[in-house]
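Engineer: My questions all concern the structure below.
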């Protein structure tokens, strides 16, 4: 949890095994009544509109995390954590009549996991600076579409696969993904004196780097408050992106990369319109063998504040903990 000397909060919820009796979205009304009950009527209706129950569960957890970070870190009642949207349709929390924003947050979800990154004035030694933070987070799962991706790469070729997604990458990034240097780096990452390198292993290595770049870009663009259709996307480039190594230790299905092991990358060369970006703190870490988490933060008034934040491991939060927090508030 956040403490008095903590500036960044990073939380993670795993919905994959939640409410197993809910085979369809409508079943959540019986399987998760307590969690649904603490959402607003609009949020509850939005959750129950999802066709697939897996998507509904992630939406439910996303809503819970956003309210929880406000109530928990700002010390306000759950009922006071009402959200609105800014000019970019991004959910925000405004406090008081002056529209002050004491907590900046961003949420991402993929393949059953939901991640939140936040900076709050209440959680920082320098409240003024913390209230001026921009934050972005993204989570990717390299195995979710692996069969489809490998089939496309095998049948159509790697360059075709890259071109299919070129509209969300920078021009330099697209060229690098199709370069000999990129292919050589991917091949080198799977070379082994014990087991022979196969075309499928190389394709997997390429895909992991591809999704690492995707994750970094998404986190950065979300930090700016815009979306992947921003007109300047082609001018943003992560140079020769690397991917953190998968975490395959015991219990690795949910193990996070540890700093300094190669499973966490905190140094990234980023350019915008040809100029080096030097005001963003960016971290890409592995989560088990299949997931990667990207965090991007900056503090516009004083870039050194955000650059000095340590973007460590995400704290796993249980939905039951959130529900009990709200129920205890109601019985107090």
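The values are calculated or read from the model by the stated rules, or taken from the named source; none is laboratory data. Keep in mind the model is a prediction, meaning the values are calculated, not measured. Cβ placement follows ideal geometry from the backbone for every residue including glycine, while neighbour counts extend to all protein chains displayed.
Engineer: Considering each of 147, 138, 204 in turn, give the residue that is in contact with a strand residue (DSSP E or B) (Cβ under 6 Å, 6 or more places away or on another chain) and either within 23 Å of residue 111 (Cβ to Cβ) or not in a helix (DSSP H, G or I) (or both).
Structural biologist: From the options 147, 138, 204, the qualifying one is 138.
Engineer: In the set 259, 279, which member is touching a strand residue (DSSP E or B) at 6+ places or on another chain (Cβ under 8 Å), more than 26 Å from residue 158 (Cα to Cα) and either without any contact (Cβ under 8 Å) to a residue 60 or more places away in the chain or crowded, with 21+ Cβ neighbours inside 10 Å (or both)?
Structural biologist: Matching residue, one of 259, 279: 279.
Engineer: I've got another one for you. Looking at segment 3-25, can you tell me whether even one residue there is within 24 Å of residue 297 (Cβ to Cβ), part of a helix (DSSP H, G or I) and touching a strand residue (DSSP E or B) at 6+ places or on another chain (Cβ under 7 Å)?
Structural biologist: no
Engineer: Restricting to segment 264-276, and then to whatever is surrounded by 11 or more Cβ atoms within 10 Å (Cβ to Cβ) and over 16 Å from the mean Cα position of the chain (by Cα), can you tell me which residue is nearest to residue 315 (Cα to Cα)?
Structural biologist: 268
Engineer: Also, I was wondering about something else. May I ask you to verify whether residue 137 is crowded, with 19+ Cβ neighbours inside 10 Å, within 25 Å of the chain's Cα centre (by Cα) and under 30 Å from residue 55 (Cβ atoms)?
Structural biologist: Yes: the conditions hold for residue 137.
Engineer: Residues that are touching a helix residue (DSSP H, G or I) at 6+ places or on another chain (Cβ under 7 Å) and modelled with pLDDT of 95 or more: does segment 285-294 have at least one?
Structural biologist: yes
Residue by residue, here is whether (1) within 23 Å of residue 140 (Cα to Cα); (2) buried (at least 23 other Cβ atoms within 10 Å of the Cβ) holds:
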position: 64; (1), (2): yes, yes
position: 79; (1), (2): no, no
position: 84; (1), (2): no, no
position: 87; (1), (2): no, no
position: 90; (1), (2): yes, no
position: 94; (1), (2): no, no
position: 98; (1), (2): no, no
position: 105; (1), (2): yes, yes
position: 110; (1), (2): yes, no
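Engineer: In addition: Have a look at 230, 212 and point out the one that is over 15 Å from the mean Cα position of the chain (by Cα) and assigned by TED's automatic domain parsing to the domain that holds residue 179.
Structural biologist: Going through 230, 212 in turn, just one is over 15 Å from the mean Cα position of the chain (by Cα) and assigned by TED's automatic domain parsing to the domain that holds residue 179: 230.
Engineer: Condition check: crowded, with 22+ Cβ neighbours inside 10 Å, over 17 Å from the mean Cα position of the chain (by Cα) and either modelled with pLDDT under 95 or closer than 15 Å to residue 113 by Cα (or both). Does residue 56 satisfy that?
Structural biologist: In short, yes.
Engineer: Now for a different question. Looking for something out of contact with any helix residue (DSSP H, G or I) (no Cβ under 9 Å at 6 or more places or on another chain), surrounded by 20 or more Cβ atoms within 10 Å (Cβ to Cβ), in a helix (DSSP H, G or I) and touching a residue at least 12 places away in the same chain (Cβ under 8 Å) - is there at least one such residue anywhere in segment 222-235?
Structural biologist: Yes.
Engineer: Sticking with this one: Exactly one of (1) over 20 Å from the mean Cα position of the chain (by Cα); (2) not in a loop (DSSP other than H, G, I, E, B) is unmet by residue 105. Its number?
Structural biologist: (1)
Engineer: Which is in the same structural domain as residue 200 (by TED's automatic domain parsing) and either modelled with pLDDT of 95 or more or within 15 Å of residue 70 (Cβ to Cβ) (or both), of 117, 107, 140, 153?
Structural biologist: Only one candidate qualifies: 153.
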